[in-house]
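*Asks:* Just dropping this structure here.
The values are calculated or read from the model by the stated rules, or taken from the named source; none is laboratory data. Everything numeric here is computed off the predicted structure, so don't read it as measured data. We place every Cβ from the backbone using ideal geometry, glycine too, and count neighbours over all the protein chains shown. The area values use the complete protein model at the heavy-atom level, side chains included, leaving out ligands, DNA and RNA. Shrake-Rupley method; radii C 1.70, N 1.55, O 1.52, S 1.80 Å.
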Amino acid sequence: MPLLANHIAVITGAGSGIGRAIALGFAREGARVIALDVNADGAAETAKLVSDSGGTACSFPLDVTDRAACVAMAKRIADAIGPVSILVNNAGIARRNGMTGAADAVVKDWEDVIAINLTGVFNVTHAFLGSLRANKGRIVNIGSIQSFVHIRQPSSPAYTASKHGVLGFTKALAVELGKEGVRVNAIGPGFIETPLNAATRASNPDGVRLFIEHTPLGRAGQPEDIVGPAIFLASDLSAYVTGSIVMADGGYRAV
Ligand SMILES: NC(=O)c1ccc[n+]([C@@H]2O[C@H](COP(=O)([O-])OP(=O)(O)OC[C@H]3O[C@@H](n4cnc5c(N)ncnc54)[C@H](O)[C@@H]3O)[C@@H](O)[C@H]2O)c1
């Protein structure tokens, strides 16, 4: 039996990169996938890719910063599709203006990054909590190496703060919901080649080289590298795992 049979899985930011790969991986394991993204076309393309490969998926546009829209989306999905038992909080952005950069840019980074990467995780989780609690749900939050440390170049205090916050929120929820059988974990990807860092890869090849030199596995990650950990944390394979973070960083944090 596939590992995620009979599950309905909501994935935010599913229109690109890691979220798309997780959507395809979950569908391969039998989940019915709901791809959400502020980019409606990207989410629709993901749902089509899932369907084309024999899985079941649909998509809706959702901006995770819009709390009312998150609540309305949870209701719409409950009414039209069914009970959600897996939530992957993956939507995120990275902006890299250090604290000493131009004031306007630093302030905008802070507001946008915290709104999407941290408050967005809260908004979506809160909206789907009823269904997740009723179905012994599994929540998988996408953290980062920056859930633990700051990456110096290029500096992004907002991103580091947001991803530390995601890990803290993961622990808090795991503790609060454990007795109900709801499990809450995170994944800490290393440097994964996606559109998120395409501009950095193009403009800062030396920074990328240094990063990879620090990485024991000696290569950048691909979105597919996050799929196994996500299936593990969403499935019964991880039945006794909660409040944890699985690092999928090529060993970066071991050095
Ligand atoms: N790529 C990496 O190296 C890396 C490393 C560590 C963590 N992460 C995290 O992985 C997650 C996915 O990143 P990715 O690399 O696949 O990036 P990506 O840019 O390819 O995908 C992110 C998706 O999130 C969506 N999104 C952005 N703002 C949104 C909003 N307000 N509401 C809904 N959706 C929104 C985008 O439209 C996009 O489809 C992010 O949380 C990111 O911080 C990525």
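*Asks:* For the condition of a type in the set (Ser, Thr, Tyr), open to solvent by less than 10 Å² (accessible area, probe 1.4 Å) and closer than 30 Å to residue 152 by Cβ, what is the one hit in 12, 65?
*Replies:* After applying the criteria, what remains is 12.
*Asks:* May I ask you to say which residue of 95, 138, 76 is in contact with a Leu (Cβ under 9 Å, 6 or more places away or on another chain) and among the charged types (D, E, K, R)?
*Replies:* Exactly one residue qualifies, and that residue is 138.
*Asks:* Condition first: hydrophobic (A, V, I, L, M, F, W, C) and either surrounded by fewer than 20 Cβ atoms within 10 Å (Cβ to Cβ) or away from the ligand (no atom under 12 Å from the Cβ) (or both). Now tell me which residues in the stretch 95-116 satisfy that.
*Replies:* Across the stretch 95-116, the qualifying residues are 99, 102, 103, 105, 106, 107, 110, 114, 115.
*Asks:* Spot the failing condition for residue 124; the list is (1) crowded, with 24+ Cβ neighbours inside 10 Å; (2) among the hydrophobic types (A, V, I, L, M, F, W, C); (3) farther than 19 Å from residue 11 by Cα, and only one is missed.
*Replies:* All conditions pass for residue 124, except number (3).
*Asks:* So is residue 25 open to solvent by less than 40 Å² (accessible area, probe 1.4 Å), in contact with a helix residue (DSSP H, G or I) (Cβ under 6 Å, 6 or more places away or on another chain) and within 15 Å of the ligand (Cβ to nearest atom) or not?
*Replies:* So residue 25 fits the description; yes.
*Asks:* Restricting the stretch 42-63 to residues that are in a helix (DSSP H, G or I) and among the polar types (S, T, N, Q), which is nearest to residue 115 (Cα to Cα)?
*Replies:* Taking the candidates together, the pick is 46.
*Asks:* If we scan the stretch 80-99, do we find a residue that is modelled with pLDDT of 95 or more, in a helix (DSSP H, G or I) and either more than 18 Å from residue 26 (Cβ to Cβ) or not acidic (Asp, Glu) (or both)?
*Replies:* Yes: one or more hits.
*Asks:* Could you grab me the full set of residues in the stretch 234-255 that are of a type in the set (Phe, Trp, Tyr) and touching a residue at least 40 places away in the same chain (Cβ under 8 Å)?
*Replies:* Hit for the stretch 234-255 is 252, nothing else.
*Asks:* Mind checking which helices (runs of 4 or more DSSP H) fall wholly inside the stretch 117-233 and carry at least 3 residues that are in contact (Cβ under 8 Å) with a residue 12 or more places away in the chain, touching a Cys at 6+ places or on another chain (Cβ under 9 Å) and more than 9 Å from the ligand (Cβ to nearest atom)?
*Replies:* Because the criterion is at least 3 residues that are in contact (Cβ under 8 Å) with a residue 12 or more places away in the chain, touching a Cys at 6+ places or on another chain (Cβ under 9 Å) and more than 9 Å from the ligand (Cβ to nearest atom), the helices (runs of 4 or more DSSP H) in the stretch 117-233 that meet it are 120-134.
Residue by residue, here is whether (1) over 18 Å from residue 170 (Cβ atoms); (2) not basic (Lys, Arg) holds:
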site: 86; (1), (2): no, yes
site: 90; (1), (2): no, yes
site: 95; (1), (2): yes, no
site: 104; (1), (2): yes, yes
site: 124; (1), (2): no, yes
site: 131; (1), (2): yes, yes
site: 137; (1), (2): no, yes
site: 141; (1), (2): no, yes
site: 146; (1), (2): no, yes
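*Asks:* I would also like to ask the following. Need pairs with beta-carbon distance below 6 Å; first residue within 16 Å of residue 195 (Cβ to Cβ) and small (Gly, Ala, Ser) and within the stretch 1-23, second part of a strand (DSSP E or B) and more than 12 Å from the ligand (Cβ to nearest atom); sequence gap 6+ or separate chains.
*Replies:* If the second residue must be part of a strand (DSSP E or B) and more than 12 Å from the ligand (Cβ to nearest atom), the pairs left are 23/33.
*Asks:* Based on this model, can you work out whether residue 226 counts as out of contact with any strand residue (DSSP E or B) (no Cβ under 9 Å at 6 or more places or on another chain), surrounded by 13 or more Cβ atoms within 10 Å (Cβ to Cβ) and closer than 30 Å to residue 136 by Cβ?
*Replies:* Considered against the rule, which asks whether it is out of contact with any strand residue (DSSP E or B) (no Cβ under 9 Å at 6 or more places or on another chain), surrounded by 13 or more Cβ atoms within 10 Å (Cβ to Cβ) and closer than 30 Å to residue 136 by Cβ, residue 226 comes out as no.
*Asks:* Now for a separate question. Which residues, taken from the stretch 76-94, are more than 16 Å from the ligand (Cβ to nearest atom), on the phi < 0 side of the Ramachandran plot, open to solvent by less than 30 Å² (accessible area, probe 1.4 Å) and among the small types (Gly, Ala, Ser)?
*Replies:* The one that is more than 16 Å from the ligand (Cβ to nearest atom), on the phi < 0 side of the Ramachandran plot, open to solvent by less than 30 Å² (accessible area, probe 1.4 Å) and among the small types (Gly, Ala, Ser): 85.
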